[in-house]
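Right, one structure below, let's go through it.
The values are calculated or read from the model by the stated rules, or taken from the named source; none is laboratory data. Owing to the predicted nature of the structure, the values given are computational and were not obtained by experimental measurement. So basically every Cβ, Gly included, is an ideal-geometry build from the backbone, and we count neighbours across all protein chains shown.
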Amino acid sequence: MPTPNGSTPTVSSVLVPAGGEVADINQEIRDKYVKDDKIGEGTYAIVYRAHVKGTGQPVAIKKIKISSASEGITMDSLREIKHLQELRHDNIVNLLDVFVGKSHNIHAVLEFLAGDLEGIIKDKSIVYGTGDIKSWMAMSLRGLWWCHRNFVLHRDIKPNNLLYTMSGVLKIADFGLARSFADPGNENMTSQVVTRWYRPPELLFGAKSYGPAIDVYSLGVVFAELVLRVPWLAASTDMQQLEVIANALGTPTELNWPGVTTLPGYCIPNPDNQLPEVDLNNIRRQFPSMSINGAQLLHGMLRLDPRKRVGAREALESDWFREEPIPTKPQDLPGKKGKEEQEKVGQDLRRRVGHDERLDGGDLDRGKKVARRLNFGL
Amino acid sequence: MEDETYLGSTQYRYFTFTPSKLSQIRQRTNQLATQHLNESIQSAIQAGDLSDSGQDLLEREPLTAEEELKLVSYYITQSVAICDHFRTGSAVKATTLIFLQRIYLRISPLQIHPKTLLLPILYLAFKSENGVTSASWFIRTAAEAGLTITREELLTPEIDLAMNLRWAFQVLHPYRGIEGVKLELLAMQAGTYRGPAGETAPPFEGTRDRIERACGRARILLTGPALCTDVYFLYTPSQIAMAGIWVQDGGLIEYFLGVKIKDEAVRQRLLKVIRECGERHLLATKDAPNPYPGLLLRLPQNGVPISVEIPPELKKEAVRIDKKLFHLKKPLKEAKGKHPPATDTSEEERRAKKRKLEKENRDKDDVFGGGGMIKRKQ
């Protein structure tokens, strides 16, 4: 977009590189796609079904609303673009392109996805078995391993962020809450992340420094949900959530989790019914349909003390993946891949629980909070 | 595996060059911007917007690529001072400086003056590294240092900055690697090191203190002066990390690589690269022979000081180049004055008044040592 001579150059036209390459590239990318219909709208984005001109390959275009944002590019989109640009993996949603539209909005072009695990779990007409669960778990763990290998925490693992392509390949999606943990010893991370039912105890206790184990725990809860076909640890407040966890997995104490009492929000959530941390036998009683190896993996992913939880790689090496029934091939996995189900991509836009960028409260107040938070860490 | 991760990064794909390619890009940016400026002046002459006869305007000495490089270098040092005022910490500071360098690869100061982008770039780096950052807090903190910027001026360039960064917000910082090398060296020194195959390290002749000291100094180098050089464009993060330690204590790195890399030929090749990075860039001095004849690199040999401290001669140079730049663009500004945008005038006047007032206060109490280089000329 070269400045027409004589007109007042706006900042944006002045910033176009001398060679115009970047602007040309933007134009080229924009022209590459054709928007079809709107398939979802949320507070911060509109998702369109679109296709590549020429090949007809379906894609999803996320148009990020920016005009109303007083803080510039929203953190959701900045995080998502930042991390998806670097994370190229079969089991992570592929960010194909980013471009600026005519109205100066950011458009993220993502590969088209057919549905998510939440849809499969809820749809009682779909029958699935251990081989299918194994396949979804293996693919989720591979994607998660790659995130962690690249020093990225997803921070919002849950069934409706685990999507699949029309050929059944699982993709971890929605990196709007992701962050890097490359700087060691950061003690100023927010604990207000991960949707409540999947939030690990260390975050509920307000830990300011945490690692990949949070995602492993969330995926462990998803694992249990895949088996039970109902949300496993469902509570409606943070306090209740701790209680539900303590009743299912044991009461966190210095005994089973050295140091836990020093966390800022530590409390004993079930004082009248304190329980030791569950062992393998207990997990087997709760999940009688699982093999020993399966129960062992689940137990390893759900340890109270994050230091005792298995890592994504270790989890992948579990014998459960090697025993019968072997993981189902992606193309043979259940799940409707018809047109109506493709709309799933667009439905993932409701404001999340556990979001650290809440827009309630006045701007001034928020400013104060942020300033305090920043100063605290410096 | 190491390479696969790095080769997939945007840092490698978009921002890694050979020395001659890096030089070419800068030359071309300068040429195209000069050409563009002349074309704009020409059309202003044709439109009769210039009081000047015009022809001599086109024959003025253009801004050279070397001058652009010096000017940007000066603003890099200014940016360091601003980061220090914001107490950003190493990650935000390093990302800010690298964003600034990446943007001025394909944008010329003839198009947009670096001083107008320093704060928007810092704000973007804050968001990318730390997450939610309140614009109000940012503007207030900037004001404490006498830097006035409106919310609009801060946020308007954001999308264009992002586009020019090719939507790559992640910067792989070599200083992060120092800590890992240090821990491994300490384990080798203590005799507790075990390689991937369980092998031990040959005994290390030296104290823990020697390791701590070299690594501590390397970190200071890589979070300071090294950010003013071209090393991020030319070397991998691990090569830079090694070179950072190598310039403090060559023996340490030779020992370390001896433990890590058994293949003599590979080790020698690596050492050569590390030595080159150290000698030509991190340790470069004004009087050393230029190792890249005819090339334009940010090296003291090319008159570009490599230091976070602002040497008086650079400041003098920057003032001179700034003036030259101002005069080169002046006719265009006058031309624009002939067709003033109707609504902006009063707003401009109001701001000019405000700026003048603030400048008077600022000069009395300037954390950047006076001179008002950051103030806006208009």
Over the range B:207-224, the set of residues surrounded by 16 or more Cβ atoms within 10 Å (Cβ to Cβ) and either touching a residue at least 40 places away in the same chain (Cβ under 8 Å) or charged (D, E, K, R) (or both) is B:Arg210, B:Ile211, B:Arg217, B:Ala218, B:Arg219, B:Leu221, B:Leu222, B:Thr223, B:Gly224
Quick check: is even one residue across the range B:184-196 crowded, with 20+ Cβ neighbours inside 10 Å and either charged (D, E, K, R) or in a loop (DSSP other than H, G, I, E, B) (or both)?
no
Requested in this report: Answer yes or no as to whether A:Leu141 is without any contact (Cβ under 8 Å) to a residue 40 or more places away in the chain and among the hydrophobic types (A, V, I, L, M, F, W, C).
Outcome: no
Note on A:Arg307: of the conditions (1) within 19 Å of A:Leu242 (Cα to Cα); (2) assigned to a loop (DSSP other than H, G, I, E, B), unmet is (2)
Kindly evaluate B:Ala81 against the criterion of being over 22 Å from A:Ser70 (Cα atoms), surrounded by fewer than 19 Cβ atoms within 10 Å (Cβ to Cβ) and modelled with pLDDT of 90 or more. yes
Suppose the filter is at pLDDT 95 or above, surrounded by 22 or more Cβ atoms within 10 Å (Cβ to Cβ) and over 15 Å from the mean Cα position of the chain (by Cα); does A:Pro201 pass it?
yes
(Q) Yes or no: the range B:281-304 includes at least one residue that is surrounded by fewer than 16 Cβ atoms within 10 Å (Cβ to Cβ) and not in a loop (DSSP other than H, G, I, E, B). (A) no
Picked from the range B:111-130 (must be aliphatic (A, V, I, L, M) and surrounded by 22 or more Cβ atoms within 10 Å (Cβ to Cβ)), the residue farthest from the other protein chains (Cβ to nearest Cβ) is B:Leu118
Out of (1) under 30 Å from B:Pro305 (Cα atoms); (2) in contact with a helix residue (DSSP H, G or I) (Cβ under 7 Å, 6 or more places away or on another chain); (3) without any contact (Cβ under 8 Å) to a residue 24 or more places away in the chain, the one B:Ile261 does not meet is (1)
> Looking at the range A:237-254, is at least one residue at pLDDT 95 or above and at positive phi?
Replying inline: yes
The helices (runs of 4 or more DSSP H) lying entirely within the range A:94-206 that contain at least 3 residues which are within 12 Å of chain B (Cβ to nearest Cβ) are A:130-149
By residue number, the members of the range B:133-170 that are crowded, with 20+ Cβ neighbours inside 10 Å, more than 10 Å from every other protein chain (Cβ to nearest Cβ) and among the aliphatic types (A, V, I, L, M) are B:Ala142, B:Leu147
Counting only strands (runs of 3 or more DSSP E) wholly inside the range A:31-85, the ones holding at least 3 residues that are touching a strand residue (DSSP E or B) at 6+ places or on another chain (Cβ under 9 Å) and surrounded by fewer than 18 Cβ atoms within 10 Å (Cβ to Cβ) are A:33-41
Going through the range A:260-278 in order, the residues found to be within 28 Å of the chain's Cα centre (by Cα) and outside any helix (DSSP H, G or I) are A:Leu263, A:Pro264, A:Gly265, A:Tyr266, A:Cys267, A:Pro269, A:Glu277, A:Val278
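Just give me the residues in the range A:80-91 being more than 8 Å from chain B (Cβ to nearest Cβ) and more than 15 Å from A:Ala60 (Cα to Cα), in sequence order. First the steps, then the outcome.
As a first pass, look at the range A:80-91 and keep what is more than 8 Å from chain B (Cβ to nearest Cβ): A:80, A:84, A:87, A:89-91.
If the condition is that a residue be more than 8 Å from chain B (Cβ to nearest Cβ) and more than 15 Å from A:Ala60 (Cα to Cα), then A:Leu87, A:His89, A:Asp90, A:Asn91 are the ones that fit.
Out of all the residues in the range B:235-252, is one or more of a type in the set (A, V, I, L, M, F, W, C), at pLDDT below 95, farther than 25 Å from B:Tyr14 by Cα and assigned by TED's automatic domain parsing to the domain that holds B:Glu184?
Within the range B:235-252, the first condition is being of a type in the set (A, V, I, L, M, F, W, C), and the residues that meet it are B:240-243, B:245-247, B:252.
Then drop every residue that is not at pLDDT below 95, which leaves none.
Looking for residues that are of a type in the set (A, V, I, L, M, F, W, C), at pLDDT below 95, farther than 25 Å from B:Tyr14 by Cα and assigned by TED's automatic domain parsing to the domain that holds B:Glu184, one finds none in the range B:235-252, hence no.
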The residue from B:Thr64, B:Thr96 that alone is buried (at least 24 other Cβ atoms within 10 Å of the Cβ) and touching a residue at least 12 places away in the same chain (Cβ under 8 Å) is B:Thr96
Cβ pairs under 6 Å, 6+ apart or interchain, first in the range B:22-44 and at pLDDT below 85, second of a type outside the set (A, V, I, L, M, F, W, C), ordered by first then second residue, are B:Ile41/B:Pro331; B:Ser43/A:Asn5
Any chance B:Ala91 is more than 24 Å from A:Lys82 (Cβ to Cβ) and outside the structural domain of B:Leu296 (by TED's automatic domain parsing): no
